[in-house]
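Asks: My questions will all concern the structure given below.
The values are calculated or read from the model by the stated rules, or taken from the named source; none is laboratory data. No experiment lies behind these values; they were computed from the predicted model shown. Counting neighbours? That spans all protein chains shown, and the Cβs are built from the backbone with ideal geometry, glycine included.
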């Protein structure tokens, strides 16, 4: 008979042994957890302002600029809404081929994470979970707009977070 993993601790239900290395425990001794309560498309806009001319085949691919941003807000003690903002603008010879904007969001329940690790979890791990879904929606939107699907490259959310923190520290006033 196959053993069913325990949903509470990730270990073996019968022995309590864990196959994976133990995650750092919070002050109460419980393992940290991150659960998706909901995920949803909050906003989507796709513009093809020069159709049908923009759909005519060209020799050169359009220049595509991508913008990514992450925002988060606390909903309750353990629940956080995380928004992944994606913008894509394609131009060919100074003419807009398409412009797409979206906000893909999720509500995450984060428990037993030390306070000093909470901010990076919310702004790195949560958008990392949301990204594949947002990427697929963006690809479908551009394809439905008459263009090849825009397949976004993976995003370094840890690098974005570090850059954001460095910028905020640089903006902070210094004490003499």
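Asks: Could you tell me whether any residue of the stretch 63-82 is at pLDDT below 95, over 21 Å from residue 115 (Cα atoms) and surrounded by 14 or more Cβ atoms within 10 Å (Cβ to Cβ)?
Replies: The answer is yes; a qualifying residue exists.
Asks: Would you mind stating whether residue 154 is surrounded by fewer than 18 Cβ atoms within 10 Å (Cβ to Cβ), free of Cβ contacts under 8 Å to residues at least 60 places away in the same chain and under 19 Å from the mean Cα position of the chain (by Cα)? It would help to see each step written out before you state the result.
Replies: Numbers: surrounded by fewer than 18 Cβ atoms within 10 Å (Cβ to Cβ): yes; free of Cβ contacts under 8 Å to residues at least 60 places away in the same chain: yes; under 19 Å from the mean Cα position of the chain (by Cα): yes.
So residue 154 fits the description; yes.
Asks: Separate question: Can you tell which of 131, 147 is surrounded by 18 or more Cβ atoms within 10 Å (Cβ to Cβ) and within 16 Å of the chain's Cα centre (by Cα)? Explain how you work it out, then say what you get.
Replies: Values: 147 fails: within 16 Å of the chain's Cα centre (by Cα).
Within the list 131, 147, the selection yields 131.
Asks: Right, something else. Which residues, taken from the stretch 33-73, are within 22 Å of residue 158 (Cβ to Cβ) and in contact with a helix residue (DSSP H, G or I) (Cβ under 8 Å, 6 or more places away or on another chain)?
Replies: Within the stretch 33-73, the subset within 22 Å of residue 158 (Cβ to Cβ) is 33-36, 39, 66-73.
The answer is 34, 36, 39, 68, 70, 72.
Asks: Within the stretch 110-149, can you find the residues that are without any contact (Cβ under 8 Å) to a residue 24 or more places away in the chain and either part of a strand (DSSP E or B) or in contact with a helix residue (DSSP H, G or I) (Cβ under 9 Å, 6 or more places away or on another chain) (or both)?
Replies: 119, 148, 149
Asks: Within the stretch 93-109, which residues are crowded, with 19+ Cβ neighbours inside 10 Å and either over 15 Å from residue 39 (Cβ atoms) or touching a helix residue (DSSP H, G or I) at 6+ places or on another chain (Cβ under 6 Å) (or both)? So that I can check it myself, show each step before the final result.
Replies: To start, the set of residues in the stretch 93-109 that are crowded, with 19+ Cβ neighbours inside 10 Å comprises 97-98, 100, 102, 104-106, 108.
Matches in the stretch 93-109: 97, 98, 100, 104, 106, 108.
Asks: Determine, yes or no, whether residue 7 is surrounded by fewer than 11 Cβ atoms within 10 Å (Cβ to Cβ) and at pLDDT below 95. Don't jump to the end; show me each part of the working.
Replies: Details: surrounded by fewer than 11 Cβ atoms within 10 Å (Cβ to Cβ): yes; at pLDDT below 95: yes.
Yes: the conditions hold for residue 7.
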